[in-house]
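The values are calculated or read from the model by the stated rules, or taken from the named source; none is laboratory data. What you see is a predicted model, and the numbers here were worked out from it, not measured in a lab. A quick note on method: Cβ atoms are made from the backbone with ideal geometry, for glycine too, and the neighbour counts reach across all protein chains shown. All accessible areas refer to the heavy atoms of the entire protein, side chains included, with ligands and DNA or RNA removed. Shrake-Rupley method; radii C 1.70, N 1.55, O 1.52, S 1.80 Å.
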Amino acid sequence: KKHATAVAANGRKLDVAIAEEAWKLAEEARKPIRCLVYCNSRDVAEKVRVALAKHGKKEVETELLVGARRVWERVKAAERLQELGFLAESGVELKKHAFLVATSAGEVGVDLDADHMVCDLAPWERMVQRLGRVNRRGEGDARIVFVHEGEPKPKKPDAPKPEEERAVIAWRSLALLGWLPGNK
């Protein structure tokens with residue numbers, strides 16, 4: 001099961017909104033959760049990780065998964081993901097909430113599994129990859145929160161800048177997500 005909800009940032013900075021929504025999932029849980037948090041930019045991901053660590057003080061574990069890594073860095077990252085229970089079928093029982101904050105580096109190539117997910121919007125193909133990293137084995141009741149900043153409006157609609165065009169494409173994925181069963 002996966003239940004998705006779209007939440008507007010409503011004037012909050014994107015990193016603040018994402019961190020707050022992820023922390024809400026942890027606060028509402030009856031036991032420690034593994035929450036995957038996707039951000040389109042490394043800068044936002046780093047800020048979200050810091051904010052989550054501050055929210056939870058010593059009651060959370062956080063990990064950042066961004067960009068290319070050398071072999072020994074990949075080995076260490078895999079060990080940490082295993083320790084936090086984010087690798088599929090790891091069987092790790094958590095003592096405190098765990099947040100994995102990732103960019104597109106966590107969308108493919110790693111067999112991640114999380115209880116819940118919070119993310120910003122991305123093009124549909126990437127959203128499908130992200131969704132596939134939550135409740136992979138169907139053993140839970142996952143909550144997914146899509147945080148957005150409202151419909152993007154390019155300054156020159158006939159000639160949008162590349163980042164404006166990416167934002168419009170990502171916004172369109174929200175409409176597709178609304179067609180999935182059980183989502184609001």
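Results, tabulated for the structure shown:
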{"read-out": "Qualifying position, being closer than 19 Å to ASP113 by Cα and open to solvent by less than 10 Å² (accessible area, probe 1.4 Å), among LEU36, LEU52", "value": "LEU36"}
{"read-out": "Segment 171-184 residues that are over 23 Å from PRO154 (Cα atoms), paired with ones that are outside any loop (DSSP other than H, G, I, E, B) and modelled with pLDDT under 85 (beta carbon under 7 Å, 6 or more apart)", "value": "ASN183/LEU177"}
{"read-out": "Answer residue from segment 78-106, given it is within 13 Å of the chain's Cα centre (by Cα) and modelled with pLDDT under 90 and is least open to solvent (accessible area, probe 1.4 Å) among those", "value": "GLY106"}
{"read-out": "Conditions (1) under 20 Å from ALA26 (Cβ atoms); (2) polar (S, T, N, Q); (3) at pLDDT below 90: number failed by ASN135", "value": "(3)"}
{"read-out": "Qualifying residue in segment 81-92 (condition: aromatic (Phe, Trp, Tyr) and either free of Cβ contacts under 8 Å to residues at least 24 places away in the same chain or more than 20 Å from GLY132 (Cα to Cα) (or both))", "value": "no"}
{"read-out": "Complete set of residues in segment 138-166 that are within 19 Å of GLU28 (Cβ to Cβ) and surrounded by 16 or more Cβ atoms within 10 Å (Cβ to Cβ)", "value": "GLY140, ALA142, ARG143, ILE144, VAL145, PHE146, VAL147"}
{"read-out": "In segment 106-147, the residues that are assigned to a helix (DSSP H, G or I) and under 17 Å from LEU174 (Cβ atoms)", "value": "TRP124, GLU125, ARG126, MET127, VAL128, GLN129, ARG130, LEU131"}
{"read-out": "In segment 93-105, the residues that are over 22 Å from LYS47 (Cα atoms) and either among the basic types (Lys, Arg) or not in a loop (DSSP other than H, G, I, E, B) (or both)", "value": "LYS95"}
{"read-out": "Residue list for segment 159-184, restricted to those being at pLDDT below 90 and either more than 17 Å from MET127 (Cβ to Cβ) or part of a loop (DSSP other than H, G, I, E, B) (or both)", "value": "GLY178, TRP179, LEU180, PRO181, GLY182, ASN183, LYS184"}
{"read-out": "Residue within segment 65-80 that is free of Cβ contacts under 8 Å to residues at least 12 places away in the same chain, part of a loop (DSSP other than H, G, I, E, B), touching a strand residue (DSSP E or B) at 6+ places or on another chain (Cβ under 9 Å) and not aromatic (Phe, Trp, Tyr) present", "value": "no"}
{"read-out": "Test set (1) at pLDDT below 95; (2) open to solvent by less than 70 Å² (accessible area, probe 1.4 Å); (3) in contact with a strand residue (DSSP E or B) (Cβ under 9 Å, 6 or more places away or on another chain); (4) of a type in the set (Asp, Glu) - GLU21 fails condition number", "value": "(1)"}
